[in-house]
Amino acid sequence: MPLLKKLDTTLLKSFVSNNLLIQILFGSQTGNAENLARVIQLNLLNEGIESLVSGFDDHAPESVSDMEYLIIVTSTYGDGEAPDNASEWHSYLKFSEGLELGHLNFAVLGLGDTYYPHFCQCGKDFDEFLSAHGAQRMLARLDCDTYYEEQYGPWLNELIAVLKNKISA
Ligand SMILES: Cc1cc2nc3c(=O)[nH]c(=O)nc-3n(C[C@H](O)[C@H](O)[C@H](O)COP(=O)(O)O)c2cc1C
């Protein structure tokens, strides 16, 4: 099925009751980032914040222009590369000239392993590329090691606080 280059934001907003369209995209090779993305979605829901979760490869990278709130959870593979399902987005954001994402609010959580020289490089790249295209960073990127389940809690709490502020604004 061809990926949609534009998102129908009105339709997507009908799936969530907040006034914010929050999308969680995961880049994952063996499931850790996907699982964590779903845990983050459940934690947000527990706080009354609805969001949509999907893999990067469920959306054409051009659809980033229609997104409003983007939370990225991604691992790193190879020698500091993107996992397969995030590689198209990685290239698009790296090489697109003149892409203007000033309307976009984002947060990045990277999963990796300090054993590798390019620790959490894919998360670092997404964070840098989005900022370079003018997107607004909602909170500092978190780079997690293999014991990520013990590391993401404070970052998630901060994310929840930021989103609650945006919803009540
Ligand atoms: C072959 C291989 C290459 C990896 N390369 C890197 C790397 O360059 N940098 C890094 O920080 N982690 C690297 N990792 C660690 C993974 O990013 C980490 O295990 C992550 O939790 C996997 O998440 P996933 O299941 O969502 O893909 C690598 C793991 C494997 C198996």
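The values are calculated or read from the model by the stated rules, or taken from the named source; none is laboratory data. Bear in mind that the values here come from a model prediction, so they are computed numbers and not experimental data. FYI the Cβ positions are ideal-geometry reconstructions off the backbone, even for glycines, and counts take in every protein chain you see.
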- Note on the structure: Checked region 88-112 for anything under 11 Å from F129 (Cα atoms) and assigned to a helix (DSSP H, G or I); matches are W89, H90, S91, Y92, L93, K94, F95
- Specify the residue that is farthest from E81 (Cα to Cα); the eligible residues are those in region 91-145 that are exposed (fewer than 13 other Cβ atoms within 10 Å of the Cβ) and of a type outside the set (G, A, S). H103
- Message: Take the conditions modelled with pLDDT of 95 or more and in contact with a strand residue (DSSP E or B) (Cβ under 8 Å, 6 or more places away or on another chain) and apply them to G112. Does it pass?
- Response: yes
- Sort out which residues of region 117-136 are part of a helix (DSSP H, G or I) and within 11 Å of the ligand (Cβ to nearest atom), and write them in order of number. Q121, C122, G123, K124
